[in-house]
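Student: Could you have a look at this structure, given as structure tokens, before my questions?
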Amino acid sequence: MRILKRRSDAIYLTEMGAFIARRISQWVAEDRLVFREHIVDDLTEAPEAFIGMLEGKNFGKLIIRVASDRPGEQQ
């Protein structure tokens, strides 16, 4: 493991991190980088979804939706 020995190393890493964050944000905005989500509705499906995740049956991020994030919307 490399230890930062100079203040300039830390500044470089900070600037590089900011550059990477801007670039990734741009790719997301342009739909060049897309996040995959596996959404399961209802908490009663959570155990099966969790087991499926452990077995590699899902793709991307596993989300268990227990309520709508929009008022008045039903699942």
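Student: Hey, can you tell me all the residues within the range 10-57 that are closer than 27 Å to Ser68 by Cα and of a type in the set (S, T, N, Q)?
Tutor: Across the range 10-57, the qualifying residues are Ser25, Thr44.
Student: When both residues are 6+ apart or on different chains and their Cβ atoms are under 6 Å apart, which pairs have a first residue that lies in the range 13-38 and is free of Cβ contacts under 8 Å to residues at least 60 places away in the same chain, and a second that is of a type in the set (D, E, K, R)?
Tutor: From residues that are free of Cβ contacts under 8 Å to residues at least 60 places away in the same chain, the pairs are Glu37/Lys61.
Student: Now, a different point. Which residues, taken from the range 1-56, are among the acidic types (Asp, Glu) and at pLDDT below 90?
Tutor: Asp9, Glu15, Glu37, Asp42 - these are the residues of the range 1-56 that are among the acidic types (Asp, Glu) and at pLDDT below 90.
The values are calculated or read from the model by the stated rules, or taken from the named source; none is laboratory data. Since the model is a prediction, treat every value here as computed from it, not as a measurement. Glycine also receives a Cβ, built like all others from the backbone with ideal geometry; neighbour counts cover every protein chain displayed.
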